[in-house]
Amino acid sequence: MTPPVVRRTGSLAVPATMLAAAAAVALALTGCTGAPAPTASATVVASPTPAPTSTTPAAIALVPGGTATQNLPYFDQVNHATLAKNPNAQGRDFIDGLVAAGFTKSDMQLTVDTTTIGLKANSIQFSVRMGDTCLIGQNGADAGGYWSEATPVLSTGNCLIGQTRPIDW
């Protein structure tokens, strides 16, 4: 008996008879067709396209019967518009702007525009009472420009402390 021929592939030695047997099995199997192998399939399900949403923010508006906190953005918008129209706005300018925007004049208070010796006040305050809360605005050099806040009504029933002027126009 003759020893099998060995073919060397790299560092492995494989007998030739084994290679021939493996090749014969491979050829025999390629002829078998049988049932086709299952294939992966993607199921596409159409989903409704969401309705486009508006990216425009809701308009800021007066909330009748609302609180000072609810109306603060609108109060600020109105007062900024007053200042844009007249950077040197005085008390009457703010009050007129707020009234034109829908705030009730009888619910407002305003400090004086001038000092006791007739000089322009360095800062003025104005307010709108809204139920048991107040919108308070302040503008002037001493205030560092325009500021506002929403606060509870004082125990006096007013929004501002100290002397205020009549709003009689």
Legend entry - From phi via Karplus (6.51, -1.76, 1.60), per-residue ³J(HN,Hα) for the range 140-150 in Hz, x at Gly/Pro: x, 4, 5, 8, x, x, 8, 9, 8, 7, 10
Inset, instruction - In whole Hz, with x marking every Gly and Pro, tabulate ³J(HN,Hα) for the range 71-88 from phi via Karplus 6.51 cos²θ - 1.76 cosθ + 1.60, θ = phi - 60°. - result: 9, 4, x, 6, 4, 5, 4, 5, 5, 5, 5, 4, 5, 5, 6, 8, x, 9
Inset, instruction - Go through the range 114-127 residue by residue and turn each phi into a ³J(HN,Hα) via Karplus (6.51, -1.76, 1.60, θ = phi - 60°); whole Hz please, and just put x for glycine and proline. - result: 10, 7, 5, 9, x, 7, 4, 5, 6, 7, 10, 10, 8, 8
Legend entry - Per residue, in Å², the accessible surface of the range 68-124 once ligands and nucleic acids are set aside, probe 1.4 Å: 53 Å²
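The values are calculated or read from the model by the stated rules, or taken from the named source; none is laboratory data. As the structure is a computational prediction, the values presented were derived from the model and not from experiment. Just the protein is used for accessible areas: all its heavy atoms, side chains included, with ligands, DNA and RNA removed. Shrake-Rupley method; radii C 1.70, N 1.55, O 1.52, S 1.80 Å.
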